[in-house]
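Below is one structure, written out as structure tokens, with a few remarks after it.
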Amino acid sequence: MHSSATLHIEKQDSGSLFRAPTYRLEQRQFLQRTPEEVFGFFSDPINLEKMTPAFLNFKILTPAPIPFVEGQLIDYQIRLYGIPMRWRTQLESIQINKKFVDSQLRGPYAQWHHTHHFEADNNGTLMRDVVLYRVRFGLLGRIAHPLFVRKSLEKIFMHRSTIIQQVFPEN
């Protein structure tokens, strides 16, 4: 098995006129490393800067070192389509070397709930990201999703998989 990534985005509900639908993004990537090695990389929030494409101008505002503990708040700044935005996430739950969950408390999405899974599989790790997200602005968000949001997320997550492949090259 090699470390290529697969990415899939699907609508989870239909939303309403005033509430955009919830979408589910799932990315899978196999890495020839142990769950401990892969989880160790992801448990350092500073590595987010390495994995985020330059077009977002991503910057972590929370002073380092950032403890990787449940309840930890992490503040970021991004620039999306030229618009500066602040983003605050919280580490909701952590199961060492297995999974962790972060969710947006403040930021560009109406909802962002990201579960990172690290599963031992065939002498390596199957890394699986599952994101439930919803864009803001109801009908406008519904229109923006296929035009901008989905494409941006695909770029972001495919860039991320490329960086992860470089960090954990095949043996």
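The values are calculated or read from the model by the stated rules, or taken from the named source; none is laboratory data. These numbers come from a predicted model, not from an experiment. In this analysis, Cβ positions are derived from the backbone assuming ideal geometry, glycine residues included, and neighbour counts consider all displayed protein chains. Note: areas computed on protein heavy atoms with side chains; ligands, DNA, RNA excluded. Shrake-Rupley method; radii C 1.70, N 1.55, O 1.52, S 1.80 Å.
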Tell me, Kirkwood radius of segment 11-97 from alpha-carbon pair distances, in Å?
-> 15.6
Quick one: net charge around SER16, please, counting Lys, Arg +1 and Asp, Glu -1 for every other residue with C-beta under 12 Å from its C-beta.
-> +2
Straight-distance crosslink candidates among lysines, where the alpha carbon sits under 22 Å from LYS155 and sequence neighbours closer than 8 are dropped = LYS11, LYS50, LYS59
Count charges around ALA144 for me, please; just the other residues with Cβ under 11 Å from its Cβ, Lys/Arg as +1, Asp/Glu as -1.
-> +4
Cα centroid of segment 111-139 to Cα centroid of segment 1-38, whole Å | 5
Extension gain (nm, one decimal) between ASN171 and ASP13, 0.36 nm per residue minus Cα-Cα = 52.8 nm
What FRET efficiency do you get for MET85 and GLU37 if R0 is 41 Å and r is their Cβ-Cβ distance, rounded to the nearest 0.05?
-> 0.80
Select from PHE41, GLN12, MET127 the residue farthest towards the positive end of the dipole of the chain; place +1 on Cβ of Lys and Arg, -1 on Cβ of Asp and Glu, and compute about the Cα centre.
-> GLN12
Which order do MET158, MET51 take when ranked by solvent-accessible area (1.4 Å probe, heavy atoms of all protein chains), largest first?
-> MET158, MET51
Going from most exposed to least, what order do HIS114, HIS159, HIS8 have by accessible area with a 1.4 Å probe?
-> HIS8, HIS159, HIS114
antiparallel share of DSSP beta bridges within segment 75-171, to nearest 5, in %, is 100
